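Inspection log for the structure reproduced underneath, given as structure tokens.
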């Protein structure tokens, strides 16, 4: 009876929501930004350690939110480790497109990303059917983007 | 306290309009639709209420027949529109028992009403060091205008705390009152917790201290009989859309001498006595505060909403909603891992809750797919959320057309939350 809900709340998402990975402030972070979703009051901070070559040596998040926003942040931190800042920014765009566009070829767009990461990120594409929840899924990504671009605050408004 | 089964019988004042649930539900066309293939269960009345056919018809009639600008033309339609517009003012005055129609100022909503009082009364009658008291359970609309005034003028903003049940702490309030207190701005019913504040006593104590009182009555007017003279409120504000009326129309009640001692809020047409290129004489209240062409259709629509509510009888409505509140509270508490925030002794039919299994946002999404509309979020009352250590709650707020069956559907949907989140 709740098939699209099952599609949205897949086991992996529920698991990341309940037991988020890399959920702590990051000491010695080189970049940081604060994100919030004024509609629901959820907030999260993103921390990154970017090395001189522009690679993300470490990334974490800390905050409170719904299952979707926490799972998305948790998965993002796992996937971004070892990526370059440029790759992370490109991935943000593709992730946003995946969450909002019906005919978007995510797999093709992120060509080169390992299969496992593609599969996990695609699990969040269920938000497409829940337009008001897209902001939950993309909050961590936009906040990360703000951190590496200029550092600071991002809201989903 | 009565239960819902005897509400139908106890409607001595409603005459032929006895509280007949089937009939009430028939009056609201929007109730009769499916959402995601399920019958709509609308439990977001605290955010905005659905509209009865009488309001829809009245607004359609205005626009289809006698609509014209008000207070201007000598022609027939303008006269008819003006009469209907001013008749709505009379209805509002009667509804809250104002001493005169002139004490009713039409505004866009409660938010504008509070901003109006802050910008006019506040700027002219408050000065640096004067104290304004609010409570910890105010809507942002009754916090931010006073913070702006504080930053602009150096007034002092004090906040009456609430306890774990959501009671307004009277002792702390009494201690806070001083000769420096000039204004107390407190909600009549908390939108996030449902608490009914002891307003008559709050006002009595404020007046003893020489302070005026502004009451945010948004959540109160749809649920209980409000008598501004019995309360001795100085300002009372509410929005039309929560009272089963249209959006874009709200009410500022103010005692006439206070209103006439306030400068205009906005200036322009319809609020002047005379204008030369050198000098303007302003109209007296209420027109002083109604610059420009008002929300004519919406105002007349609000009048129709008040007629509808009055015919149903606020005593009957209160009894129905109290019975529903009691039933819903018991049913919700039986859902494993569900906690209610806001358990004051005097409460309106608003239930804020959180679930151990899932964040309120997820709860909102899941019950939505079952056709149940609740609000999930901070309810524009972030200080209340902070007080209870949450970022958000889910809120079911009941209105005149809600039933026990709908409570059961909500509970069923909440059990699906448990099922999905395990």
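Of all residues in segment B:161-186, those satisfying the criterion of being part of a strand (DSSP E or B) and closer than 17 Å to residue B:207 by Cα are B:181, B:182, B:183, B:184, B:185, B:186. The condition of being surrounded by 15 or more Cβ atoms within 10 Å (Cβ to Cβ), at pLDDT 95 or above, in contact with a helix residue (DSSP H, G or I) (Cβ under 8 Å, 6 or more places away or on another chain) and closer than 22 Å to residue B:227 by Cβ holds for only one of B:160, B:132, B:184, that being B:184. Which of the residues belonging to segment B:368-382 are more than 7 Å from chain A (Cβ to nearest Cβ) and in contact with a strand residue (DSSP E or B) (Cβ under 8 Å, 6 or more places away or on another chain)? Within segment B:368-382, B:368, B:370, B:371, B:372, B:373, B:374, B:375, B:379 qualify.
Pick from segment B:390-422 the residues that are at the interface with another protein chain (Cβ under 10 Å from one of its Cβ atoms) and assigned to a loop (DSSP other than H, G, I, E, B): which of them is farthest from residue B:242 (Cα to Cα)? If we take residues in segment B:390-422 being at the interface with another protein chain (Cβ under 10 Å from one of its Cβ atoms) and assigned to a loop (DSSP other than H, G, I, E, B), then B:422 is farthest from residue B:242 (Cα to Cα).
Please determine whether any residue of segment B:272-289 is in contact (Cβ under 8 Å) with a residue 40 or more places away in the chain, within 19 Å of the chain's Cα centre (by Cα) and not assigned by TED's automatic domain parsing to the domain that holds residue B:397. No, because not a single residue in segment B:272-289 is in contact (Cβ under 8 Å) with a residue 40 or more places away in the chain, within 19 Å of the chain's Cα centre (by Cα) and not assigned by TED's automatic domain parsing to the domain that holds residue B:397.
The test for being over 19 Å from the mean Cα position of the chain (by Cα), at pLDDT 95 or above and over 22 Å from residue A:67 (Cα atoms) holds for residue B:333. Annotation: of all residues in segment A:1-51 being on the phi > 0 side of the Ramachandran plot and crowded, with 16+ Cβ neighbours inside 10 Å, the one that is modelled with the lowest pLDDT is A:41. Selection of segment B:345-362 for residues being within 14 Å of another protein chain (Cβ to nearest Cβ), outside any loop (DSSP other than H, G, I, E, B) and in contact with a helix residue (DSSP H, G or I) (Cβ under 9 Å, 6 or more places away or on another chain) yields B:352, B:354, B:355, B:361, B:362.
Let's see how each residue does on (1) over 30 Å from residue B:30 (Cα atoms); (2) more than 20 Å from the chain's Cα centre (by Cα):
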{"position": "B:349", "(1), (2)": "no, no"}
{"position": "B:356", "(1), (2)": "yes, yes"}
{"position": "B:373", "(1), (2)": "no, no"}
{"position": "B:379", "(1), (2)": "no, no"}
{"position": "B:385", "(1), (2)": "yes, no"}
{"position": "B:390", "(1), (2)": "yes, yes"}
{"position": "B:396", "(1), (2)": "no, no"}
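Among the residues making up segment B:371-389, those that are over 21 Å from residue B:166 (Cα atoms) and either modelled with pLDDT under 95 or not in a loop (DSSP other than H, G, I, E, B) (or both) are B:372, B:373. Restricting the search to strands (runs of 3 or more DSSP E) fully inside segment B:214-322 and requiring at least 1 residues that are touching a helix residue (DSSP H, G or I) at 6+ places or on another chain (Cβ under 8 Å) gives B:235-239, B:250-254, B:280-282.
The values are calculated or read from the model by the stated rules, or taken from the named source; none is laboratory data. Just so it is clear, the structure is predicted and the values come from calculations on it, not from any experiment. Glycine also receives a Cβ, built like all others from the backbone with ideal geometry; neighbour counts cover every protein chain displayed.
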